[in-house]
Amino acid sequence: MVVKHKPARIIDPSEHTLQSRLIDILTYAARPEIYYFAIPNQSNRHINNAMKMKAEGVRSGIPDLEFLFPADEGYVAWLEMKTRTGSLSVAQMGFRAWCERNGHRWAMAKSVEEALDVLRAWNVLKPGAVIL
């Protein structure tokens, strides 16, 4: 008798997990002259918290991470983290289009590896940084 087992279900990491892993890497691998930070968003929050955040100026569509480069490099870059199955909201697509029209760098990554590829292309990482 042959017993068949269901294949193990692969659980994708959440956006929070992906972003936290990337921030952990950036703490040692980012060029020190680049300033980066996370931007709070309103997703999956109690309505009262979402209303407070909106009153404080949090806007829909803004990416998860912002990178500020030195003046001689002269640009700002935005990185949106998504899960493997995640997609952009209409507001996020609108912000991406605004960035394209106004010369800002914008990218979306669905894994830490994709995010690191983007950050390498943007020259965020220290030369020769070893990423484990």
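The values are calculated or read from the model by the stated rules, or taken from the named source; none is laboratory data. Quantities reported herein were computed from a predicted structural model and do not represent experimental measurements. Glycine gets a Cβ as well: all are built from the backbone with ideal geometry, and neighbour counts include every protein chain shown. Surface areas here come from the heavy atoms of the whole protein model, side chains and all, with no ligands, DNA or RNA. Shrake-Rupley method; radii C 1.70, N 1.55, O 1.52, S 1.80 Å.
Scan the stretch 102-112 for residues that are closer than 18 Å to Gln92 by Cα and assigned to a helix (DSSP H, G or I) and the total you get is 1.
Among the conditions (1) among the small types (Gly, Ala, Ser); (2) surrounded by fewer than 17 Cβ atoms within 10 Å (Cβ to Cβ); (3) closer than 24 Å to Ile11 by Cα, Gly94 misses just one, which is (3).
Within the stretch 75-93, residues that are at pLDDT 95 or above have Cβ atoms under 6 Å from residues that are basic (Lys, Arg) and not in a loop (DSSP other than H, G, I, E, B) in these pairs: Ala77/Arg105, counting only partners at least 6 apart in sequence or on another chain.
Just to check your reading of the model, which residue among Ala50, Ala115 is at pLDDT below 95, within 20 Å of Ser14 (Cβ to Cβ) and in a helix (DSSP H, G or I)?
Just a single option satisfies the conditions, and that option is Ala50.
Restricting to the stretch 74-88, give me the number of residues that are open to solvent by less than 70 Å² (accessible area, probe 1.4 Å) and either closer than 11 Å to Pro63 by Cα or not hydroxyl-bearing (Ser, Thr, Tyr) (or both).
Residues of the stretch 74-88 open to solvent by less than 70 Å² (accessible area, probe 1.4 Å): 74-83, 86, 88.
Subset that is either closer than 11 Å to Pro63 by Cα or not hydroxyl-bearing (Ser, Thr, Tyr) (or both): 74, 76-82, 86, 88.
Number of matching residues: 10.
Among the candidates Asn48, Asn41, the residue that is among the polar types (S, T, N, Q) and surrounded by fewer than 17 Cβ atoms within 10 Å (Cβ to Cβ) is uniquely Asn48.
Taking residues in the stretch 109-123 that are closer than 16 Å to Pro63 by Cα, and partners anywhere that are among the basic types (Lys, Arg) and in a helix (DSSP H, G or I), the pairs with Cβ atoms closer than 6 Å and at least 6 places apart or on different chains are Val112/Arg21.
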